[in-house]
Amino acid sequence: GMHLVGWLPAGVDDETIAQKAREKGLVVAPISRFSNSELSRGGLILGYTAFDEKQIKAGVKILRECLED
């Protein structure tokens, strides 16, 4: 499948945001899990090929809610 990385603002922990998203039914992977060295900022690996536009917009809304918490 195809994926993209959504970089997070500096100081926002990608593991925390991924966990919050999972609790709301959205599965994303924190990019820090795939790095051997510490990253300057976190990010989320987002898969999108299996979803339609409506589902993608709903997922973006969930991510926004997670970041606003």
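The values are calculated or read from the model by the stated rules, or taken from the named source; none is laboratory data. Note that this is a predicted model, so its numbers are computed, not measured. Neighbour counts run over all protein chains shown; Cβ positions are idealised from the backbone, glycine included. In case anyone asks, the SASA skips ligands and DNA or RNA and just uses the protein heavy atoms, side chains included. Shrake-Rupley method; radii C 1.70, N 1.55, O 1.52, S 1.80 Å.
Here are the numbers for this structure:
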item	result
Any hit, segment 54-66, residues being out of contact with any helix residue (DSSP H, G or I) (no Cβ under 6 Å at 6 or more places or on another chain), part of a helix (DSSP H, G or I) and among the polar types (S, T, N, Q)	yes
Those residues of segment 53-66 which are within 12 Å of the chain's Cα centre (by Cα), open to solvent by 80 Å² or more (accessible area, probe 1.4 Å) and farther than 15 Å from LEU4 by Cα, in sequence order	LYS61, ARG64
Unmet requirement for LYS24, which otherwise passes all of (1) more than 15 Å from GLU68 (Cα to Cα); (2) open to solvent by 80 Å² or more (accessible area, probe 1.4 Å)	(1)
Within segment 27-52, tally of residues that are in contact (Cβ under 8 Å) with a residue 40 or more places away in the chain, assigned to a loop (DSSP other than H, G, I, E, B) and either touching a strand residue (DSSP E or B) at 6+ places or on another chain (Cβ under 8 Å) or open to solvent by less than 40 Å² (accessible area, probe 1.4 Å) (or both)	1
